[in-house]
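Visitor: I have a structure I would like to understand better, so I am pasting it below and will then ask my questions one at a time.
What follows is calculated from the coordinates using simple rules that are stated; it is not laboratory data. Because the structure is a prediction, the values reported are computed rather than measured. Because the Cβ atoms are built from the backbone with ideal geometry, glycine has one as well, and the counts that use them run over all protein chains shown.
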Amino acid sequence: GIQVEQSPPDLILQEGANSTLRCNFSDSVNNLQWFHQNPWGQLINLFYIPSGTKQNGRLSATTVATERYSLLYISSSQTTDSGVYFCAVEPQGGSEKLVFGKGTKLTVNP
Amino acid sequence: DTGVSQNPRHKITKRGQNVTFRCDPISEHNRLYWYRQTLGQGPEFLTYFQNEAQLEKSRLLSDRFSAERPKGSFSTLEIQRTEQGDSAMYLCASSPLRVSEAFFGQGTRLTVV
């Protein structure tokens, strides 16, 4: 099945710093989503981005489907950005499920 | 109704007992999914419904697990004869038909002692 790799696995920043999280996937996909998992375990939707670039406040994302990767940019990070960021893809070929990476754990220190 | 709702939020059970979780999707969403997440891992797919039809099941879903969505609205996930390895966060998600953007509930954290 499709493989989803996220890097880095862990990231520690000072408040105000910028960061880039990467998601590589091994096969063609119909869809790609980025999530932030809060300390209580809920997955919060950040972006639905099968291709192209989107921005939402301090966050933006770019997916280059032909090269099988996506990037999540966080600018001017805040302590509330801490948590685990997941990339999830829906493989082409009829399956409707999402396949998740292992996540990037982000810690933003004051 | 502004989101996916799961109940209970936490469940502690003794090994060998049966447990049932409920998921109420976003009301206009036809698709409903169950995932399981263990510590330090990303969620893993368990099963998927389109309306009341269960269209796909993962090999992770052993014969002790059963899921239903009887009227195409809420869904239940039952685990029979629980084992310690079943301890995990169980996540439900829903999405509309035309755009498969999934929205997740708060999850049910199961601890088997």
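Visitor: Given H placed on each backbone N at 1.01 Å, which residues far from B:S5 in sequence or on other chains put an amide H within less than 5 Å of it?
Guide: Counting only residues 5 or more places away or on other chains, the set is B:D24.
Visitor: Shielding of A:44-57 by partners, i.e. mean partner chain Cβ atoms within 10 Å per residue?
Guide: 1
Visitor: Also, I was wondering about something else. Give the Rg/Rh ratio for region B:24-84, taking Rg as the radius of gyration of the Cα atoms and Rh as the Kirkwood radius, to two decimals.
Guide: Rounded to two decimals, Rg over Rh is 0.98.
Visitor: Right, next: Once you mark the trypsin sites (Lys or Arg not before Pro) that are in a DSSP loop and have at most 15 other Cβ atoms within 10 Å, what is the longest gap between them in chain B?
Guide: Within chain B, the longest run free of exposed trypsin sites (Lys or Arg not before Pro) spans B:16-58.
Visitor: For the protein assembly as shown, give the magnitude of the charge dipole about the Cα centre (Cβ charges: +1 Lys/Arg, -1 Asp/Glu; no others), in debye to the nearest 20.
Guide: So the dipole magnitude of the protein assembly as shown works out to roughly 440 debye.
Visitor: Under a point spin-label approximation (7 Å from Cα along Cα-to-Cβ), what is the A:T20-A:S95 distance to one decimal in nm?
Guide: Each label point is offset 7 Å from its Cα along the Cβ direction, giving 3.0 nm.
Visitor: Once the Cβ-Cβ distance between B:T20 and B:V99 is put in as r, and R0 is 22 Å, what FRET efficiency do you end up with, to the nearest 0.05?
Guide: Values: r = 30 Å, r/R0 = 1.38.
In this case the efficiency is close to 0.10.
Visitor: Test of the criteria: in region A:1-64, which trypsin sites (Lys or Arg not before Pro) are in a DSSP loop and have at most 16 other Cβ atoms within 10 angstrom of their Cβ?
Guide: Here the trypsin sites (Lys or Arg not before Pro) that fit, given the DSSP loop and packing criteria, are A:R58.
Visitor: How many angstrom lie between the C-alpha centres of region A:5-22 and region A:28-98?
Guide: Centre-to-centre (Cα) distance: 14 Å.
Visitor: May I pose another question? Can you list the GluC sites (Glu not before Pro) in region B:26-58 that are in a DSSP coil and have 15 or fewer other beta carbons within 10 angstrom?
Guide: Answer in residue order: B:E28, B:E52.
Visitor: I would also like to ask the following. Lone cysteines in the protein assembly as shown, defined as no other cysteine's Cβ under 4.7 Å from theirs: which are they?
Guide: So far as the 4.7 Å Cβ criterion goes, no cysteine stands without a partner in the protein assembly as shown.
Visitor: Over all alpha-carbon pairs of the protein assembly as shown, lay out the pair-distance distribution in 10 Å bins, whole %, shortest bin first.
Guide: 8, 33, 35, 19, 4
Visitor: Here's something else I'd like to know. Placing unit charges on C-beta atoms (Lys and Arg positive, Asp and Glu negative, everything else neutral), compute the dipole magnitude of chain B about its Cα centre in debye, rounded to 20.
Guide: Charge dipole, chain B, about its Cα centre: 340 debye, nearest 20.
Visitor: Next up: Mind checking B:40-47 for the average number of partner chain beta-carbons within 10 Å of each residue's beta-carbon?
Guide: Averaged over the peptide's residues, the number is 6.
Visitor: Follow-up. GluC sites (Glu not before Pro), restricted to region A:1-88: which are DSSP loop and have at most 16 other Cβ atoms within 10 Å?
Guide: Answer in residue order: A:E15.
Visitor: Based on the alpha carbon coordinates of chain B, what radius of gyration and maximum Cα-Cα distance (Dmax) apply, in Å?
Guide: In Å, with Rg to one decimal and Dmax whole: 13.2, 42.
Visitor: Could you work out the Rg to Rh ratio of chain A, with Rh taken as the Kirkwood radius (inverse of the mean 1/r over all Cα pairs)?
Guide: Expressed as Rg/Rh, it is 0.96.
Visitor: Continuing with this model, one more query. For A:K97, go through the aspartates and glutamates and keep the ones whose alpha-carbon is under 18 Å away, minus same-chain ones fewer than eight residues off.
Guide: A:E5, A:D27, B:E44, B:E52, B:E56, B:E68, B:E101
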